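Just so you know, all these numbers are worked out from the coordinates, no wet-lab data involved. Treat the numbers as computed from the prediction; the structure is a model and nothing was measured. Neighbour counts are summed over all protein chains in view; Cβ atoms, including those assigned to glycine, are modelled from backbone coordinates with ideal geometry.
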Amino acid sequence: MDIKALLSRMTLEEKVGQLVQSNAGQFIRNDLEITGPDGETVPAEELNRVVGSVLTFEDAAQAKALQDQHMAADRNRIPLLLMLDVIHGLRTTYPIPLAMGCSFDDALTAECAEIARREASACGVHVTFNPMVDTARDARWGRILETYSEEPLLNCRMGAAIVRTTQGQNLADPENVACCVKHYAAYGAPEGGRDYNTVELSERLLREAYLPAYKACLDAGARLIMPSFNALNGIPSVANPWLMNRVLRGEWGFDGVVISDYNAVMELVPHGVAESLRDAVRKAMEAGCDIDMVSNAYYRHLADLVREGTVPEAVLDAAVLRVLQLKNDLGLFENPYHGASEEREREVYLCPAHREVARRAAEESAVLLKNEGILPLSRELKRIALIGPFAEETRLNGFWSRPGAERYTVTLPEGIRALLPEAELILERGCGAELGDLDRSGLDRAAAAAARADAVILTLGEPENDSGEGRSRAELTLPGVQQELAERVIAANPRTAVVLFNGRPLVLTALEKIAPALLEMWYPGTEAGNALARLLWGEANPCGKLSAGLPRAVGQLPMPYNRMNTGRPKPGPDDQAVPFTSCYLDTPNLPLYSFGYGLSYTRFVYESLTLDRDRMSKEDTLRVTVTLRNDGDRAGKEVVQLYLRDLAASVVRPVQQLIDYQKVMLEPGERKEVHFEVTEKQLRFWNFDCEYVSEPGTFELSCGWADHLLETKRFTLD
Ligand code: NOJ
């Protein structure tokens, strides 16, 4: 399609329409969820005629109906762009992103993106609002579940892998889907951990910890980007000229589509940076926001602003061309349905191959936090008590799972029965997991059930809807009376493994004191029960490592593992306060479980870390070799993590910083050498003048995990 010729035939109102996005529910009946307040109402027929894109629809049949209905009404026959949040699977749900981060497995993450792409394209999705790569260091923020890690490196690598897999080589291929990376920028650092709240960050920290992941996704080819809801250093992102014009379009040269977040253009008014909706439109257009998601502010005011000359028509045309270009690249002018096909939906949704990937992902993202000889359970134990609010729960899919996802979840009893048909299961809920649910009436029965059993699996955590958008918490302990339930059950039967389902790092300090075994499952998705049963009985060996540390107390937050040193670092054992040093009087400094931590059923011994040189020039490549051995009697996977410390620089540097990782598989008794290459680029940082540089001096390299570096070697950069 000659999109420039098309543009020249379009009226002003038609051009504006290409920049308007509506909720499908605004002009077609369906059962979809709405994630925010809706904009001003516009008659459905009118919307249908002019809008350029639609978000949130249900299936291929609806995608086709929407497209047909629109094409029949649009005199230019410009197809709609259909967008959906496919964050961790469409029908086959795989673990939440924070859990996928714990897999430290970019290839597995890409496999998951592949099944999501196949299902999403069959459903008729043209653009997915994925990946979300906001660095988050504060578990109060409920959207921490949507990110891969507190560490930008994981967000960069996993985000880029998702983009490459989802978009493929050629967007016109009906099985490929365009990616919208989000939320630009620093949405994960709201004051107080409260969603939508303001973010204040120095430019240096922003560039170092927050911007790289968005950039990595754009470098991988992401075709769209979504500015975040929050104000960043005083200006909401969607109207932030520094963020949008200077960095995104200027420094990074991004020429793809910018789409606002839900209602965000209108929200410039309550933010207090626009006097009116009209003013909000002007500001968003000046910052280069192409599509207005659902607020209908562009629909109301953009044409007038162009007519009066406030917004130059050339600016409007450039935005419209970006949208038309995307439609053209997706091949929509030739094939407006793209991949939408009821037949393919039947073929791919929840097919065995997709479930197999989801199960493996759930196994590899589980983190074994503690194990005092309880796990794996022996098949000799016949009578198993499944206790706790999640014992039979189906809502184990996480905030962004599609409506109805729970219908397909394999529950824990189903998973156990599939693995151990002869096991006798005693089921007891014990208590609820809802915030404020203080009903203790089930505790006695739960304790009695525990006492009768050979072993107990105690399921605890947060209800699925307590993390996600608009779900911030100020307390991070287990909701309700779950801690009491744990005390009663463990006292009745010490052979208890606690299994956790939650969307954020919780404060488990009290639970850790009493639980003999702790397995963090996050929200594992469709294959929850199968994966968990295999982990509990040792058919699968846990290998996940924490992608975000677990605090001891809320007061430690935000709590980056790659914190800066202070002039008065705390000396000696972490559990003793030392006044006039940087410490808390009532809590150790370190997390309960640090970033990168996770146990296995086998034991890995790190034998040595060697460098092939102790000096390097800027052109050199330093080769690092880590030798490790599987000292146990089971095969297992280990994530070998490489940390850097710059001992002295012109600005304060982190006490530890992950610069690379590899996941390796070792048979019992096997020894392996793992090789890393370090170049000068990995030693760079943003200096005081915001230049990205390395500085000569001494560095340390270590392996292990955060706060527990096992071996350290020094080298000098000339
Ligand atoms: C609001 C959320 O912030 C964003 O992540 C999502 O993509 C949009 N709603 C669309 O559902």
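Points worth noting:
- Across segment 602-717, Cα pairs under 8 Å and at least six residues apart give a relative contact order of 31 percent.
- Centroid-to-centroid separation of segment 646-689 and segment 358-386 [C-alpha atoms, Å]: 32 Å
- Helical runs assigned H by DSSP (4 residues or longer) give the chain a calculated mean residue ellipticity at 222 nm of -8000 deg cm²/dmol, each run adding -39500 (n - 2.57) before division by the residue total.
- For the chain, leaving out every one of the chymotrypsin sites (Phe, Trp or Tyr not before Pro) that falls in a DSSP loop and has at most 10 other Cβ atoms within 10 Å, the longest unbroken run is 1-579.
- When the charge dipole of the chain is built from unit charges on Cβ atoms (+1 for Lys and Arg, -1 for Asp and Glu) and taken about the Cα centre, the candidate among Tyr561, His708, Ala274 whose Cα reaches farthest toward its positive end is His708.
- The residue list Cys112, Asn240, Phe254 was ranked by how far each Cα lies along the charge dipole of the chain toward its positive end, using unit charges on Cβ atoms, and Cys112 comes out on top.
- Comparing Cys543, Asn493, Gly470 along the charge dipole axis of segment 457-565, the residue lying farthest to the positive side is Cys543, per the Cβ-charge model.
- Computed magnitude of the charge dipole of the chain (debye, nearest 20; Cβ of K, R +1, Cβ of D, E -1): 720 debye
- Overall form of segment 291-330 per C-alpha gyration tensor (a/c, 1.5; a/b vs b/c): oblate
- Neighbour cut-off at most 10 other Cβ (10 Å), DSSP loop, trypsin sites (Lys or Arg not before Pro), segment 75-155: Arg75
- Mean sequence separation of contacting Cα pairs (under 8 Å, at least six apart), scaled by the length of the chain, corresponds to a relative contact order of 13 percent.
- Between the C-alpha center of segment 125-147 and that of segment 415-492 there is a gap of 27 Å.
- Under 15 Å from the Cα of Lys663 - aspartates and glutamates, other chains or at least 8 residues apart: Asp105, Asp106, Glu363, Glu364, Glu638, Glu673
- Using alpha-carbon coordinates, inclination of helix 297-307 to the longest axis of the chain, degrees: 40 degrees
- Take every Cα pair under 8 Å whose residues are at least 6 apart in sequence, average their separation, divide by the length of segment 3-344, and the relative contact order is 21 percent.
- Gyration tensor (Cα) of segment 241-332, equivalent ellipsoid semi-axes in angstrom: 21, 16, 13
- Whichever lysines have a C-alpha closer than 17 Å to that of Lys4, once near sequence neighbours (fewer than 8 apart) are set aside: Lys15, Lys327
- Each Lys and Arg adds +1 at its Cβ and each Asp and Glu adds -1 at its Cβ; summed about the Cα centre, segment 590-718 shows a dipole of about 280 debye.
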